[in-house]
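Worksheet: one structure, shown below.
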Amino acid sequence: MLLKASKNKEADNQTLPTSYTFNASDNEPVVVHLVHIKKTIEHTNPVPAADKTPTDKPIDGAHEDDLNKTLNFPHQKEL
């Protein structure tokens with residue numbers, strides 16, 4: 001089973017499975033119950049660059065550079 005969500009897509013609106021059953025011909029089916037971890041990251045408290053997920057994967061999209069941007073708007077004056 002492969003579930004994948006892009007970093008720009010909200011997982012809240014997706015229906016994620018709570019279990020998956022592996023069927024086998026020589027024994028009883030194996031049911032794996034799934035728990036989804038969701039964490040809200042505030043822009044004032046970004047994830048440190050070295051942090052990883054519980055499964056030791058790099059975290060993408062929650063670091064200081066991802067959450068805090070400086071926006072410059074040109075100033076225009078009509079004469």
Cβ-Cβ under 9 Å pairs, at least 6 apart or on other chains, segment 57-79 side within 22 Å of E42 (Cα to Cα), far side open to solvent by less than 100 Å² (accessible area, probe 1.4 Å) and part of a helix (DSSP H, G or I): D60/D66; G61/L67
Close pairs from segment 20-45: first outside any strand (DSSP E or B), partner polar (S, T, N, Q), Cβ under 7 Å, at least 6 apart: P29/T21; P29/N23; L34/T18; L34/S19; H43/N68
Residues that are under 24 Å from K69 (Cβ atoms) and open to solvent by less than 70 Å² (accessible area, probe 1.4 Å), drawn from segment 18-50: I41, P46, V47
Matching residues, segment 59-79, being part of a loop (DSSP other than H, G, I, E, B) and open to solvent by 100 Å² or more (accessible area, probe 1.4 Å): D60, K69, T70, L71, N72, F73, P74, H75, Q76, K77, E78, L79
Candidates K38, K9, K69, K52, filtered to the one that is modelled with pLDDT of 80 or more and not hydroxyl-bearing (S, T, Y): K52
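The values are calculated or read from the model by the stated rules, or taken from the named source; none is laboratory data. In this text, all values refer to a predicted model and were calculated from it rather than measured experimentally. Glycine also receives a Cβ, built like all others from the backbone with ideal geometry; neighbour counts cover every protein chain displayed. We work out accessible area using only protein heavy atoms, side chains counted, and drop any ligands, DNA or RNA first. Shrake-Rupley method; radii C 1.70, N 1.55, O 1.52, S 1.80 Å.
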